[in-house]
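> Here it is, the structure in full.
The values are calculated or read from the model by the stated rules, or taken from the named source; none is laboratory data. Keep in mind it's a predicted model, so treat the numbers as computed, not measured. Here the Cβ positions follow ideal geometry from the backbone for every residue, glycine too, while neighbour counts run over all protein chains shown.
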Amino acid sequence: MRTCEPHHVSASQLLAGLAAGTLGGLAGAWVMGRFQSITRRAEQRLAEEHVEAGASERASAAELPASPVAHAERGRELTIEEKRKAGTAVHYGFGTAVGALYGALSEVVPGLTAWVGLPFGAGLWLTADEVLAPPRGLGPPPAGVPAREHGTAFSAHLAYGLTAETVRRALRGVPR
């Protein structure tokens, strides 16, 4: 039985968890990106059918942090292509880093891995998208986002968590 109580682990176990979590986070970020691409295309088709102005023009949450950094360093706004590239780097960097932390913590607190990473993905969505990003200007206030977009983002994070945990388990040799 998995427990949420912390227990002692060796440095090699912690490093193995960190490595497995890193690769799991990278894989999770890839799956999440594919999920978002598919849903974005579907939403664009719906918008075209229903003539919703601006539905597909909102910057992704990963693109938003790049603008202030670029402005400070380059003295100008990023082009659309630069924003996409920077957004991709932020998405993969953040997903990989969070996966690494999750992998290391899962060695210390095995109960974190319950439900095959779904609570991890849900918690990441709530913490990053809903609580931390909006006050920092990295996303709109949650009340200003349509419920459909919340649901899509939530689902994308569930796909991330599920993938990250599945890869982590496979690399750590943990039975399903």
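> Of the residues Leu132, Leu112, Leu124, only one is modelled with pLDDT of 90 or more and under 12 Å from the mean Cα position of the chain (by Cα); which?
From the options Leu132, Leu112, Leu124, the qualifying one is Leu124.
> For region 1-26, which positions are part of a helix (DSSP H, G or I), among the aliphatic types (A, V, I, L, M) and either closer than 15 Å to Ser106 by Cβ or modelled with pLDDT under 75 (or both)?
Scanning region 1-26 gives Leu14, Leu15, Ala16, Leu18, Ala19, Ala20, Leu23.
> When you check Phe120 against the structure, is it among the hydrophobic types (A, V, I, L, M, F, W, C) and touching a helix residue (DSSP H, G or I) at 6+ places or on another chain (Cβ under 7 Å), yes or no?
Spelling it out, Phe120 is indeed among the hydrophobic types (A, V, I, L, M, F, W, C) and touching a helix residue (DSSP H, G or I) at 6+ places or on another chain (Cβ under 7 Å).
> Can you name every residue in region 111-149 that is of a type in the set (D, E, K, R), closer than 25 Å to Ala86 by Cβ and surrounded by 12 or more Cβ atoms within 10 Å (Cβ to Cβ)?
Within region 111-149, Asp129, Glu130, Glu149 meet the criteria.
> Now a separate question. For Thr39, indicate whether it is at pLDDT 80 or above, under 21 Å from Ala128 (Cα atoms), crowded, with 18+ Cβ neighbours inside 10 Å and of a type in the set (Val, Ile, Thr).
Spelling it out, it is not the case that Thr39 is at pLDDT 80 or above, under 21 Å from Ala128 (Cα atoms), crowded, with 18+ Cβ neighbours inside 10 Å and of a type in the set (Val, Ile, Thr).
> Please go through region 1-39 and pick out each residue that is under 16 Å from the mean Cα position of the chain (by Cα) and charged (D, E, K, R).
Arg34, the sole residue that qualifies.
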